[in-house]
Structures are given as C-alpha cells and as structure tokens.
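Participant: Here it is: the structure, laid out below.
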Amino acid sequence: MMFKKILVANRGEIAIRVMRACREMGIKTVAIYSSADRKALHRLYADESYYVGEAEARKSYLNMDKIIEIAKKSGAEAVHPGYGFLAENAEFAKRCEEEGIVFIGPKPKVIEAMGSKVNARKMMEEAGLPVVPGSPALKDVDDAIKWAEKIGYPVAIKASGGGGGIGITIVWNENEIEDAFNRSKKLGEKYFGDPTVYIEKYLPKPRHIEFQVLADEHGNVIHMGERECSIQRRHQKLIEECPSPAVDDETREKMGKLVVKGAKHIGYTNAGTMEFLYYNGQFYFLEMNTRLQVEHTITEMVTGVDIVKYQIKIAYGEELQHDQEDIVMRGHAIECRINAEDPIDFLPRTGRIIHYRSPGGIGIRIDSGVHMGYKIPKEYDPMIAKLIAWGENRMEAIMRMRRALYEYVIEGVETNIPFHMAVLHHEAFVRGDTHTRFIEEHNIREEVKKFMVELHPIKKRLDEIFTTAKPVEEEVVAIASAIAYAKMEEPKVSGWKLHARLENMK
C-alpha cells in the first residue's frame, strides 16, 4: 500500500519534479496555484489543481491555513513541500500532523532544532563534527566585539535563522562591528522572524561542500556522497557538481561516517543535507538543510537513486532499501541553474518567453516549469530551469554541459546562460580549482561580456529560423483537425495534454 493522493505545496520545476515521482508511483497529485500561476505547467500537470491566493507569496504559497484547507478538501493524505516556501517551516509541519496529514520531511522538532544555526552548531559539536570557530548567541555589540577579538578578524556576523546568504555580514575590524551586528539582526528579524545573531571565523576562500542524507523512521541512516557548490554569487549557488573534485575516497568515507553519526544524533528522518566549508584540508560543519535541495538532481544522476521517491516512501513508513555499501557513485554530474537575470550583475528579469527550445541528447536532464509563451512572474525566484549534464568523467560532463548550453534557446527574457558558459570554459574551473570567491577572484563578469558578444551571431541565426519556421496552411488545418478528433475520442483529455497540443499547433 502507499499514499493515494499527495498535495504538492510548491510551484514551478520542483512541483513538477515531485509530481513526476508520484506519477511513476501511481499516486494522484494535487497542485496549488496563485493568481500569477494560472497558466503554469505544474497546475496543468497535476491531476487536480486549486487556487490558493494572490501572487504575493504570503497570501498563497506561504498561506498555511489555505493549503491545509485544500489538502483536506481534495482528500490528500500527505503534503510534499518541495524546497523554499514552507519546506523548512516547523509550524507548518506541526499543523499538518495535527490535521492528520503526513508532512513529507523530517519531524517538526528536528526542523526547529536545525533552523537555529546556533543550536545546530551545538548539536553537531556534541556528535563529534568539526564546526567553524564561533560564538554562541550574542547578547549585544560589546559581546560581539569580545568574541571577534577572541576568534580573530575577519569574522562573519550571521543571523541564526538565516539561509540563502541573507543576514551574513563580513567584518574586517572593530570599527565595522556595530553596523554589522545591527544589520544582521534586522535582516534576521525581517526574513526569519528571529533577531538572534552569532559570530563565526570568516574563511576567505573555502569550498562549499555538502553531503546528501537519507534516513528512515526505523533508525537506518545512509549518506549518498557529496556535492560541490562553490560557484556562488551573494552566497547563493549557481553551479553544482557531484562528486567534488577536491574529495577523495578516503575523505568521503571519513566525512560520510560523521554525517551519518550527526543525523542519528539529532533523530533525523527523510532526506536532508549537511553543508560544510572545506578549507586548508579541513571540513567545518556549516548548517543542515532539512528538506530536498535544489541540486539533488546531480546526486540522482551519479547514484541512480530517486531521492524524491525515497522521501515519499520514508514518509509512508517504509524502510530504506539501500545499505551504505549499495550507494555507488558512477561518473560525474554538473548542474547549472538557468535564471532569468542579467548575466553580469545578476539582477532578476521578468518577461515573456517568445522562443524556447531545450537541449537534449545523451546525459542531459532538464528540470523546468516553463514553456514558450510563459511569462516569468516578478513575485518569485527567477529560475527558469535546472540544466544537468552527466559524463563518464568530469571532463566529459564539462564538455557535455558546454554543448547543452550552446543548444539552449530562450528568447524574450534575458538569462544567465552566458555566465555559465564563461565559467565552464574557464581554465581554473576545468582544473577543479574552485571556491566561494571564484567569481570575484577571476573577474568572471568580464569573461561573460566576451561570451555575450560571441553568442550574438548565434542568436541572430536563431531569430531567422524562428521567424521563417511558420507552419504552412495545410499543417495548421491538419493539426487543428487532429486536436478536434482527439477531443471527440478522448472527452477527458487532461489540461496538460491539451496545452501541449495547442503549443504544437502554434
């Protein structure tokens, strides 16, 4: 037996990703959509869809009362939160439990414990994991000055409830402490409802490496190896790869055992990720993400294990079907986050996609929630797609990703594809010599400008193709007749299929 119906409390590509897993498992899906997502693909792909509220996230995808109401109305037995929005909200997980709805994720008390970075550091230290030298929660500015002097400048003042780089302020000397303390405190209160801040030693050019964890409710815990996520802007990831070029088998085994020990220590269940900074040959625990990660895809490509299906099975009470020795990393995978943004200054862009063609071929995976004619809404993250390339080795994965980026056609809205091409062609990246300051150190913005110039004639040729490639009258009549016939023969044709047919007719 298994869940019969799951509500996906999210939107875009991650909603479709979860629904795909459900469809393969024979589980019906329920979508929620805001006023900005009336024509979104996740709404059409689901078996049922319900309007959840206005475009503003707090009135729709963060509206706990309405989402639970829809779950009960639709008869959904479980809720999958995806990532972002309510995925790491302990209150929402608890509300689901109280209403008799299974929350597909860890228990509320674990989400709450790991949601505080101060508390998470303490618990992982107890489990024997190394942490970056730092302080407990700071009382005031004087306390911050005392700890900064003890740790040694430079330091980072961080919001305890932070994430995505929000609430982090780098401090180089005592004169900057007060402003940094107040800034991080305000950001923590604004974005996470928690003004608590603490100090960590600032590591200037570390690698950002994370380990994927799976844990069932019967005490079984395994790790699925590591991912490298060092290519970042403003502490937000843009390119990820699995495995890390800096981690050898011996280090992976050593760290993996500590990761499993830490997960067991906190009573973790379901899928999660432990993030580390890797500096001068030493790992330091950074935080734990109590949800599915954006970049889970590359771990799936390398291990062959469907992490989303495992989330659902674990939430239903099933045991892990894999032991640690069953997890084998084969080949190399890279993910590029394709965003609607200026590729130089990274400012988000909105607009309508007028031409769209995704890449394909061996070793290429696209997780996307857009289509031709789709309008990128200003209210949400500007991600268009996750482009994943797999190869037998790292160099093949790089060459395959370069080819896929060349093939990817998105017109009508500016994207960061030139940025990805600049990084994938940079000799330091090819060597595997990356760190969190990679973009700044190598002045990648200037490299991006070169690729924007190189891509211009390609774009011009594509414009000509799209302009001239209009269906002749006979083709339009044939397609229209086929759709009309399909409607007669298949009165219950899904919105997803009908949408696809109409798109093809265009």
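The values are calculated or read from the model by the stated rules, or taken from the named source; none is laboratory data. From a predicted model like this one, the values you see are computed outputs, not experimental measurements. Every residue, glycine as well, gets a Cβ built from its backbone with ideal geometry; the counts of neighbours run over all protein chains shown. These accessible areas exclude ligands, DNA and RNA; they are computed on the full protein's heavy atoms, side chains included. Shrake-Rupley method; radii C 1.70, N 1.55, O 1.52, S 1.80 Å.
Participant: Got the relative contact order for the chain handy, in percent, Cα pairs under 8 Å and 6 or more residues apart?
Facilitator: It comes to 13 percent, rounded to a whole number.
Participant: Take the Cα coordinates of region 89-136, assign each an equal point scatterer, and use the Debye formula without solvent to give log10 I(q)/I(0) at q = 0.17, 0.21, 0.26, 0.28 Å⁻¹.
Facilitator: Here log10 of I(q) over I(0) equals -0.57, -0.71, -0.87, -0.95.
Participant: Between Arg23 and Ile354, how many nm apart are label points set 7 Å from Cα along the C-beta direction?
Facilitator: 3.0 nm
Participant: Now for a different question. With the cut-off at 26 Å, report for region 218-361 the share of all Cα pairs above it, as a whole percent.
Facilitator: 33 percent
Participant: Short version: what are the Cα gyration tensor semi-axes of region 25-169, square root of 5 times each eigenvalue, largest first, in whole Å?
Facilitator: Equivalent-ellipsoid dimensions as semi-axes: 39, 18, 13 Å.
Participant: Too long at a 29 Å Cα-Cα cut-off: which of Lys73/Lys107; Lys73/Lys237; Lys59/Lys205; Lys73/Lys386; Lys107/Lys150; Lys386/Lys459?
Facilitator: Over 29 Å Cα-Cα: Lys73/Lys237; Lys59/Lys205; Lys73/Lys386; Lys107/Lys150.
Participant: In square nanometres and to one decimal, what's the mean projected area of the convex hull around the Cα atoms of region 1-62?
Facilitator: 3.8 nm²
Participant: Given region 143-297, report the % of alpha carbon pairs whose separation exceeds 29 Å.
Facilitator: Summing the P(r) tail past 29 Å for region 143-297 gives 23 percent.
Participant: Name the trypsin sites (Lys or Arg not before Pro) in region 36-68 that are in a loop by DSSP and that have at most 11 other C-beta atoms within 10 Å, would you?
Facilitator: In loop regions of region 36-68 (DSSP not H, G, I, E or B), the sparsely surrounded trypsin sites (Lys or Arg not before Pro) are Arg38.
Participant: On a full-extension model of 0.36 nm per residue, what is the gain between Lys4 and Glu91, subtracting their alpha-carbon distance, rounded to one decimal in nm?
Facilitator: Result for the pair: 28.8 nm of gain on full extension.
Participant: If you wrap a convex hull around the Cα atoms of region 334-401, how much volume per residue is inside, in Å³?
Facilitator: Spelled out: Cα convex hull of region 334-401, divided by residues, is 95 Å³.
Participant: Rolling a 1.4 angstrom probe over the protein heavy atoms, how many square angstrom per residue are accessible across the chain?
Facilitator: Value returned for the chain: 44 Å² of accessible area per residue.
Participant: In sequence order, what are the phi-derived ³J(HN,Hα) couplings for region 315-329 according to the Karplus relation 6.51 cos²θ - 1.76 cosθ + 1.60 with θ = phi - 60°, rounded to whole Hz, with x for glycine and proline?
Facilitator: Residue by residue, region 315-329 yields 5, 7, x, 6, 7, 4, 8, 10, 8, 4, 5, 7, 7, 10, 8 Hz.
Participant: Report the dimensions of region 37-91 along its three principal axes from the alpha-carbon atoms, largest first, rounded to Å.
Facilitator: Result for region 37-91: principal-axis Cα extents of 29, 26, 18 Å.
Participant: Same structure again: Quick check: residue separation of Glu189 and Glu99 times 0.36 nm, minus the Cα distance between them. What number comes out in nm?
Facilitator: Full extension from Glu189 to Glu99 adds 29.5 nm.
Participant: Quick check: pseudo-label points 7 Å beyond the Cα along Cα→Cβ at Val430 and Lys72, how many nm apart are they?
Facilitator: 6.0 nm
Participant: Suppose the Debye formula is applied to equal point scatterers at every Cα of region 206-301; what is log10 I(q)/I(0) at q = 0.12, 0.13, 0.14, 0.15 Å⁻¹?
Facilitator: Cα-only, vacuum Debye calculation for region 206-301: -0.34, -0.40, -0.46, -0.53.
Participant: Roughly speaking, what is the centre-to-centre gap between region 132-173 and region 374-393 when only Cα atoms are used, to the nearest Å?
Facilitator: Comparing the Cα centres of region 132-173 and region 374-393, I get a distance of 33 Å.
Participant: While we're here: Can you give me the angle between helix 117-126 and the longest principal axis of the chain, using Cα atoms only, in degrees from 0 to 90, rounded to the nearest 10?
Facilitator: 60 degrees
Participant: Please give the contour-minus-distance gain from Glu319 to Glu407: 0.36 nm per residue of separation, less the Cα-Cα distance, rounded to one decimal in nm.
Facilitator: Taking Glu319 through Glu407 to full extension adds about 27.5 nm, to one decimal.
Participant: Nearest 10 degrees is fine. How inclined is helix 495-505 to the longest principal axis of the chain, computing both from alpha carbons?
Facilitator: Value to nearest ten degrees: 60.
Participant: Right, here's the next one. Given Cα pairs under 8 Å that are at least 6 residues apart, what percent is the relative contact order of region 131-188?
Facilitator: Computed over region 131-188, the figure is 32 percent.
Participant: Here's another thing I want to ask about it. Once the Cβ-Cβ distance between His371 and Asp345 is put in as r, and R0 is 30 Å, what FRET efficiency do you end up with, to the nearest 0.05?
Facilitator: Working from the Cβ atoms, E equals 0.65.
Participant: Further, regarding this structure: Can you tell me the equivalent ellipsoid semi-axes for the chain? Use √(5λ) from the Cα gyration tensor, largest first, whole Å.
Facilitator: They are 37, 29, 23 Å, listed largest first.
Participant: Now for a separate question. Evaluate the distance, in nm, between pseudo-label points positioned 7 Å from the Cα of Asp179 and of Glu54 along their respective Cα→Cβ axes.
Facilitator: Placing both labels 7 Å along Cα→Cβ, they lie 3.6 nm apart.
Participant: Please compute the Cα-Cα pair-distance distribution of region 313-446 with 10 Å bins starting at 0, giving whole percents from short to long.
Facilitator: With a bin width of 10 Å, the distribution comes to 11, 35, 31, 18, 6, 0.
Participant: Pull up all non-local amide H partners of Ala55: gap of 5 or more, or a different chain, and H-to-H distance under 5 Å with H placed in the peptide plane.
Facilitator: It is Ser35, Ala36, by chain and number.
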